[in-house]
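Only the coordinates and a few stated rules stand behind these numbers; no lab work does. Computed from a prediction, not measured in an experiment: that's the story for all the values here. Cβ placement follows ideal geometry from the backbone for every residue including glycine, while neighbour counts extend to all protein chains displayed.
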């Protein structure tokens, strides 16, 4: 089955984000007064660079499975979207900053679209 266009676009966005996370893990300023990814995940004592690399690695694995219409890629994307949507929602309510609201909306869009094209993942695995 041909890959839906939206799946490709979502993969490009997540691939770019993972590469950006890897890049920023190298140049991360530990003295910056910003909320890091480690703190967003509820592990503020974990090294920020390590958490960034782990999240980027998970994203790249997820993008590979999602792009190739694998069932496990679909479920990883669903879980990833729910997790990041919930994190963005909690940060948007406590910090009321636009990037968190935008991330939450993006997670909802990816979640809804993924469910909409679920048949593409099921048919790919039946062949």
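In this simple spin-label approximation, residue 89 and residue 118 carry label points 7 Å from Cα along the Cα→Cβ vector, and these lie 1.8 nm apart. Sequence-distant contacts, meaning Cα pairs under 8 Å at least 6 residues apart, place the relative contact order of region 5-126 at 24 percent.
Relative to the longest principal Cα axis of the chain, at what angle does helix 5-26 sit, 0 to 90 degrees, rounded to 10? That helix lies at roughly 30 degrees to the long axis.
With 0.36 nm allotted per residue and the present C-alpha distance subtracted, the residue 70-residue 39 stretch has 8.1 nm of extension available.
Using Cβ contacts closer than 10 Å as the measure, can you line up 34, 48 from fewest to most?
Ordered from fewest to most neighbouring Cβ atoms within 10 Å, 34, 48 come out as 34, 48.
Comparing 102, 65, 85 in a Gaussian network model of the chain, where Cα atoms under 10 Å apart are tied by springs, the biggest mean-square fluctuation is seen for 102.
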